[in-house]
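Values in this text are rule-based calculations from the coordinates and carry no lab data. Keep in mind that what you see is a predicted model, and the values were worked out from it rather than measured. FYI the Cβ positions are ideal-geometry reconstructions off the backbone, even for glycines, and counts take in every protein chain you see.
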Amino acid sequence: MDNVCRRYYLVVKDQDSKEKTYVLNYFSDDDFGKKNYVLSSIDNLTLNFDNEEEFLTFLRDYTGVNIDNSEAKIEYKANKRIRNLEIAYSDKSLLKPFASTSKTLIQDYDLFMEFFTHFMKSIHKQDFLRYMSNKNHINNRLQLLIEEYIYQNNRYRRKDIKEHIQNYRVIRDYFLGALEYNEKHRDKINLEAFNQSNNDYVNTPIINLNTEDEFLNSLSSREEILKHYTLDQLEELGVLGIFDGLDKPKKLILK
């Protein structure tokens with residue numbers, strides 16, 4: 001892994017034929033209608049679902065893709081090879097504040113500084129740092145910066161580390177690695193602060209809908225709903241009343 005801006009692809013792959021269908025990006029403003037995604041926009045979508053089955057059902061209903069005996073994947077290219085990333089579902093909800101406010105770089109300064117403070121404490125735990133490095137949850141460049149900062153006492157590397165981890169992919173890799181580490185070790189990394197931060201983004205819904213549309217029910221704010229539905233679609237679903245007084249969006253998100 002390295003700290004660069006990549007293009008990511010959301011793929012449904014038939015496990016028998018190995019045929020792949022690329023799901024076009026109708027779920028975010030970035031690269032709308034194209035094959036490629038910003039990674040944070042994929043996570044901001046998939047974090048609304050509990051598991052792969054729910055997500056595939058959503059993709060079938062809204063894009064028409066065949067999901068029989070299929071799996072969902074995130075693909076990207078590195079060193080001329082196609083590689084895959086784990087899809088983040090709702091059990092990785094601590095990513096939600098970062099995914100919902102970021103593109104390639106973290107946009108929310110306060111949120112980033114909360115993470116940076118946590119990160120600089122956690123890397124002093126040798127067992128954890130070794131695990132993250134061995135499992136490739138920390139990329140080679142970041143590993144070198146950390147080693148120089150801790151073991152060679154190069155204090156100026158603190159600034160370099162800070163710049164390096166402002167990348168959403170780096171933070172994503174860290175959290176997935178820390179969650180994995182906590183599942184396997186008694187002496188856990190404390191992630192409670194980020195679970196608490198999630199209350200503002202995930203656990204305290206502004207809107208609680210009960211419709212036949214499960215994806216719509218999973219959205220908790222007017223802003224999220226208007227990213228995925230037009231007012232005409234909401235009127236057909238019988239929930240237009242929550243948007244009284246708003247103009248119709250100019251763009252259809254799902255076609």
Check your understanding: Could you put Ser70, Ser218 in order, starting from the residue whose Cβ has the fewest other Cβ atoms within 10 Å?
Key -> Ser218, Ser70
**Study point:** q = 0.11 Å⁻¹: log10 I(q)/I(0) that the Debye formula gives for region 93-200, counting C-alpha atoms only
**Key:** -0.32
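Between Phe32 and Asp68, how high is the FRET efficiency from 1/(1 + (r/R0)^6) when r is the Cβ-Cβ distance and R₀ = 35 Å? Nearest 0.05.
On the way: r = 28 Å, r/R0 = 0.80.
In this case the efficiency is close to 0.80.
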**Study point:** Residues Arg155 and Lys18, FRET efficiency given R0 of 51 Å [Cβ-Cβ distance, rounded to 0.05]
**Key:** 0.50
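To one decimal place, what orientation-averaged projected area in nm² is obtained for the convex hull of the Cα set of region 8-91?
That works out to 5.5 nm², a quarter of the Cα hull's surface.
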Revision key, fill the gap. Fewest-first ordering of Asp50, Asp14 by Cβ atoms within 10 Å yields Asp50, Asp14
Practice item. Arrange Leu45, Leu209 by Cβ neighbour counts within 10 Å, fewest through most, would you? Key: Leu209, Leu45
